[in-house]
Amino acid sequence: MAETNNQNRSYRVRGLDCAEEVAVLKRELGPLVGGEANLAFDVLNAKMIVASAVPPEQVQAAVAKTGMSAEPWQDEKSALAEESFWERNRRTMLTAASGVFLLAGGGLHAALSGFRAAFLEEGIAPPVFSIGLYLLSILAGVWTVLPKAWIAAKRLRPDMNLLMVVAVVGAVFIGQWLEAATVAFLFALSLALEAWSVGRARRAVAALMALSPPEARLIHPDGREESVSPDQVPVGGKFRVRPGDRIPLDGKVVDGTGGVDQAPITGESVPVQKSPGDEVYAGTINGDGSLTVESTKPVSETTLARITRMVGEAQSRRAPSEQWVETFAKYYTPSVMALAILFLLVPPLLFGQPWAAWFYRALVLLVIACPCALVISTPVSIVAALAAAARNGVLIKGGIFVEAPGKLKAIAMDKTGTLTLGKPAVVQVVPLSGHTETELLERVAALEEHSTHPLAHAVLAYAKDRGVTIPSVEGFKNLPGKGAEGRVRGTLYWVGSHRYLEERNQETPDVHEQLEALSKSGRAVVVVGNDKHVCGFIALADTVRPEAKQAVADLREAGIEHVVMLTGDNRGTAEAIARETGVDEIHSELLPGDKVTKVEELVGKYGTVAMIGDGVNDAPAMGRATVALAMGAVGTDAAIETADIALMSDDLSKLPWLVRHSRHALGIIRQNIVFALAVKAVFVVLTLVGYSSMWAAVAADSGATLLVVANALRLLRR
């Protein structure tokens, strides 16, 4: 659902803490807004997005029917500032109060009646003062769920809130005050744990936005500097970043050099050297040099803001495991209610068993059936996986894409900008006719200094790196489509391509053979000569990323069966890159439509296929793949927007990390689901044979909830 839709309205929903509330809101609002597809939820921020022209008053009234409340969305800081202390801490305070009253009631009960009578013997009524304290514990424990339970009962849609309230009321009805209070407290505790786990994930994401500093040093046209809020810096405006400061906005360096720590955004472990013309990101940390930066994006559209927004919005794109759990719970709860009724009726009516005993067992079953641990097991794992990936420079745009990389069988990769750096670099210098390498570089650099061609920039950078002194040029002349010429130290020199050399009729058989061999291996060649002879040539190539070969090997080790390179480049270049990186298969000289065809063939053969690229020509093939990945730092907006996942540092080693991370997340989700269901199954059997109690059942459920939360949050440490 696109945020740009003019009919979209956002609401802050008080009481929206987990998938259970999302399901309730979908059922209630779906018919009103034209279907559940027009609803999206950001559980982390208690935010609901409605893509409909339905008036806000009707939406708010519908939300109120669920026991929750909605109000038009403001920015997160304003919304939090308007919350009272009670609103922010209500659940925690009520849970604590329930626990205190339970302990006080139990302590008084034991003091007045004796420990054995209070906790071990059945059928002995507690003292009236203990009953009062137990009642206060019960009310504090179920206070937040009573409205939801009442609505579930009215609509004949039983949920875990109704299960717990029925169990507590039933326990009170048969005089089990201690057990009723224990159930109420432990259920409140499990909900508080769930809210805490969501809050932990929310804080992990909010920590990203906190990376952006509150002030920027705006440089006015007259040179005066002023500290202003980042949102007051216009696009195109210049600001100063002092050594050690965080960069407030995305921009381009216009003056100064220095290393920038980009780990908060891209996950790179070492500072990246920046000089005029280089991009910098909001939230990154300037090193020891002062930088003057020209803003290229408003504060709301910086890379940092987009990462934070996308991770938040990712909660509305539910993973397959989340969808399975939601569907399971939809049928599970009514089934358990029916089973509890059978527990209550069948043994007494058919086998003459005592009503009281089986009424109690039916209540225990309702407590056991509470799906807290099961419902929370998956969303907490997904949120933790999303936050951990973002901290490692991998932006996953939805829960649905957390699991997908772990199921991949094949990966298709673009060449330029993905397997390679996308920039030509000098790979070989061949001096001829008695010239030295330094002399050759001097002549070429002197002429190329006046050119804007990418090959010229690469040659100049290579010459400067080797400390070559670049002489001046007289009578420089550009030769369109051929090269350039000019006088260097009094002698006329020319630079150009192999074709230009042939036009000048200065090529020898030996030079021709060397140039043809370089061309077949995918090298571009700059030839330099004078009127007498060829002075030499320089071979350039788009260099392979340093981590590419190891990344391909790690992908195989992670379980990827087939790695394919798709490129529009010529066959010779493609084969050279393939040999260097170790990919399994290459397809060269492809148009964008051809890439789509190849991806379709891979999907047909392997089922689950990822496509990773960085350019506009990669976007169609990325859209056809099972999972679309983009190189985020150099990638075009089209590729990044098409992608399901973006590698913000352009570090290919993050790709095998992502596959392993996804499989680890899948493993934790499965562990949590199996564990939660196993606890239920064990206690159902114990209840059937009479070896379980209400407090033990709810303690087991709360313990299971705590364990699955702790297990899920392990993903944050990856």
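What follows is calculated from the coordinates using simple rules that are stated; it is not laboratory data. Bear in mind the structure is a predicted one, so any value in this text is a computation, not a measurement. Every residue, glycine among them, receives a Cβ derived from its backbone with ideal geometry; neighbour counts consider all protein chains shown.
If R0 is 25 Å, the Cβ-Cβ spacing of Leu342 and Leu706 corresponds to a FRET efficiency of close to 0.25. In this rough spin-label picture, where each label sits 7 Å from Cα along the Cβ direction, the Arg157-Lys252 distance is 5.3 nm. Segment Lys605..Arg466, full-extension length gain: 45.1 nm, with 0.36 nm per residue of separation and the alpha-carbon distance subtracted. Given their separation in residues at 0.36 nm each and the Cα-Cα distance between them, Tyr691 and Ser275 gain 142.5 nm when the chain is fully extended. Can you tell me the FRET efficiency between Asp288 and Arg714 if r is taken as the Cβ-Cβ distance and R0 is 25 Å, rounded to the nearest 0.05? That gives a FRET efficiency of 0.10.
Panel order for Glu225, Glu547, by other beta carbons found within 10 Å of each beta carbon, from fewest to most: Glu225, Glu547.
Phi angles across the range 245-260 convert, under the Karplus curve 6.51 cos²θ - 1.76 cosθ + 1.60 with θ = phi - 60°, into 3J(HN,Hα) values of 7, 7, 7, x, 9, 5, x, 10, 5, 10, 7, x, 9, x, x, 10 Hz, Gly and Pro given as x.
Which FRET efficiency value, to the nearest 0.05, do you get for Thr597 and Trp150 by plugging their Cβ-Cβ distance into 1/(1 + (r/R0)^6) with R0 = 56 Å?
E(calc), rounded to 0.05, equals 0.45.
Going from the residue with the fewest nearby Cβ atoms within 10 Å to the one with the most, Ile124, Ile219 rank Ile124, Ile219. Remark: the Asp222-His450 segment gains 78.9 nm on full extension, using 0.36 nm per residue and subtracting the alpha carbon distance. Modelled label positions at His512 and Ala425, each set 7 Å beyond Cα in the direction of Cβ, lie 3.4 nm from each other. Ordering Thr543, Thr436, Thr95 from the fewest to the most neighbouring beta carbons within 10 Å gives Thr436, Thr543, Thr95.
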